[in-house]
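Below you will find the structure I want to go over with you.
No lab work stands behind these numbers, since they all come straight from the coordinates. All of these numbers come straight from a predicted model, not from anything done at the bench. Neighbour counts are summed over all protein chains in view; Cβ atoms, including those assigned to glycine, are modelled from backbone coordinates with ideal geometry.
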Amino acid sequence: MHLAVAARTDVGRVRKGNEDSLHASANEYRGLFIVADGMGGHAAGEVASEMSVDIVSHDLSDLNDLDAPDAHARVARALRDANRAVYERTRTERDKLGMGSTVSALLLSEDRYIVGHVGDSRIYIVRDGQMHQLTKDHSLVQEQVDAGLLTPEQARRHPQSNVITRCVGMADDIEPDVFSGDVRIGDTFLLASDGLTGMIDDRRIQQLLLSRAKPERIVDALIQEANMNGGNDNITAVVVRVLAPGATPTDRDVTPIPPARTHG
Ligand code: CA
């Protein structure tokens, strides 16, 4: 796999702790990337997101053939395993009551990706100059967008925008979304927690992802801009670019990050 990858999480400007967790790894067959955004008092959110990332990455560590007949089932099982472990602790440990986590996981080979998803962290793809959100938020406001009651922009600014309807740890079993698609050279993927997507609108995210800057610089710009816009929540961004076989990212790829608009 020839990938250029950058992954970073930032506490933001308001929260004292960081409840987001991430994973980024790759072997010769495939890359594995995970963002998890935890919730729950007494640092339980940090525990939930870390457990989720540990369990899912461990379960999928030997899934190398994304075309295998059981690949989708294995991704679903990994998220369900994480759910069971987190849910069990919410039942047995008093200070873990109500703890949970989103999980958005991306497996990436040279010709195929598989997504496993629960909650409102997001995975986007940029291809042919256009950005598309691959995951669908499991959230109250998304349900209202689906019903035609809110626009996506109204949903983003809605006071209940952080209420999620499905997550790891919520019930004794969960139904994760699992789906796959084809991968092309030049595709760029973004995994992000809502501390990023809630602070920067999609048009600006697309503008940054479309720049030919290295993933490190794009991740830095995304996090810096989310903080400039308030940094109300923990911010996590993972950017993965699929390179041609044999290619390595060089400084020739680098063009300036487009300047941010002024926020009033
Ligand atoms: Ca969050």
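Need one number: convex hull volume per residue for the stretch 49-168, Cα atoms only, in Å³. Mind dumping the intermediate values first?
Numbers: hull volume 15.9 nm³, N = 120.
About 133 Å³ per residue, rounded to a whole number.
For the stretch 127-137, take each phi angle, set θ = phi - 60°, evaluate the Karplus expression 6.51 cos²θ - 1.76 cosθ + 1.60, and give the result in whole Hz per residue in order, putting x for glycine and proline.
In residue order, the calculated couplings are 9, 6, x, 10, 9, 10, 7, 7, 8, 10, 4 Hz.
Could you sort the peptides 84-90, 125-131, 229-235 by per-residue average Cβ neighbour count (10 Å cutoff), highest mean leading?
Working: 84-90: 18.7, 125-131: 14.0, 229-235: 21.1.
Peptide ranking by packing, descending: 229-235, 84-90, 125-131.
Same structure again: Cβ neighbours within 10 Å, averaged per peptide: list 192-205, 19-32 in order, most packed at the top.
Numbers: 192-205: 22.6, 19-32: 19.1.
The densest-packed peptide leads the list: 192-205, 19-32.
Let me ask something else. Which value, in debye to the nearest 20, describes the size of the charge dipole of the chain about its Cα centre when Lys and Arg Cβ atoms bear +1, Asp and Glu Cβ atoms bear -1, and nothing else is charged?
Details: 29 positive and 40 negative charges, 148 e Å.
The dipole magnitude comes to about 720 debye.
Something else now. State, to one decimal in nm², a quarter of the convex hull surface area for the C-alpha atoms of the stretch 127-182, i.e. the direction-averaged projected area. Mind showing how you got there, number by number?
Numbers: hull surface 21.9 nm².
Value for the stretch 127-182: 5.5 nm².
Give the cross-link partners of K96 among the lysines, using a straight C-alpha distance below 20 Å as the criterion and excluding same-chain residues fewer than 8 apart.
K16
Can you give the helix-only mean residue ellipticity at 222 nm for the chain, where every DSSP H stretch with n ≥ 4 adds -39500 (n - 2.57) and the sum goes over all residues, rounded to the nearest 500 deg cm²/dmol?
-9000 deg cm²/dmol
Determine the distance separating the Cα centre of the stretch 24-70 from the Cα centre of the stretch 163-186; give it in Å without decimals.
Distance between centres, Cα-based: 12 Å.
Can you compute 3J(HN,Hα) from phi for each residue in the stretch 224-235, using the Karplus curve 6.51 cos²θ - 1.76 cosθ + 1.60 with θ = phi - 60°, rounded to whole Hz and x for Gly and Pro?
Coupling constants for the stretch 224-235: 4, 6, 4, 5, 4, 7, x, x, 5, 9, 5, 10 Hz.
Using only the Cα atoms of the stretch 3-242, what semi-axes does the equivalent ellipsoid have when each is the square root of 5 times a gyration tensor eigenvalue? Give whole Å, largest first. Write out the running numbers ahead of the final one.
Details: eigenvalues 119, 103, 56 Å².
With the √(5λ) rule applied to the stretch 3-242, the semi-axes are 24, 23, 17 Å.
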